[in-house]
């Protein structure tokens, strides 16, 4: 969120063919719910391009990067590291301490795909369980970011957007931003 130290999300692992949508959704969720960037470790299929395209169309700022290996990134991170895992401490028990740390320094949020190496558990300042039941890493990331930002991310303004979703009770409405900013009506699209 603007004015706060960076929040980066590291998607650790990607099984081609199996994790394509999930990896993309980790990136989209990170973007939509307040993170500053997503890092995909290794081959992330087309996720990098998809998330970058959404950022171009619906606004930013948000960065997408592919890193060769997670090891050096996690080890050398200059800030706090949170690893989301169903085996961790309950989010409600540690969220205040994580928010306090994030007020002072950047935060790296690690989200796994396949079996996460023990070194990540060991390197993390917090291993956090949104619930200690099997669930989606995308759901864990969404709940964690909402807890971290205490709902402020839901009112975020987006710069450089080409399109904007118009909230409404029923139906789908997407406006072209440039047309509305120039005083025009804005084209409606359904999607």
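Quick note: the coordinates plus some simple rules give every number you see, no bench work behind them. Predicted model, so just to flag it, every value in this text is computed and none were measured. Reconstructed Cβ throughout: ideal geometry from the backbone, glycine too, with neighbour counts over all protein chains shown.
Working from label points 7 Å from Cα in the Cα-to-Cβ sense, the residue 104 to residue 166 distance is 4.8 nm. Relative to the dominant Cα principal axis of the chain, helix 20-32 is inclined by about 70°. Helix 137-149 and the longest principal axis of the Cα set of the chain meet at an angle near 80°. Highest mobility in the GNM of the chain, judged by mean-square fluctuation with C-alpha springs under 10 Å and restricted to 31, 163, 173, is found for 173. Take every Cα pair under 8 Å whose residues are at least 6 apart in sequence, average their separation, divide by the length of the stretch 7-155, and the relative contact order is 31 percent. Be a star and scan the stretch 19-39 for residues whose amide nitrogen sits under 19 Å from the point 7 Å along the Cα-to-Cβ vector of residue 157. Of the residues in the stretch 19-39, 32-36 have backbone N under 19 Å from the label point off residue 157.
Cα centroids of the stretch 156-174 and the stretch 111-125: 36 Å apart. Across the chain the C-alpha pair distances fall into 5 Å bins from zero in the proportions 1, 8, 16, 19, 20, 15, 10, 6, 4, 2, 0, 0 percent.
Assuming 0.36 nm per residue, please report the length gained on full extension of the stretch residue 93 to residue 114 beyond their Cα-Cα distance.
Between residue 93 and residue 114, full extension yields an extra 5.0 nm.
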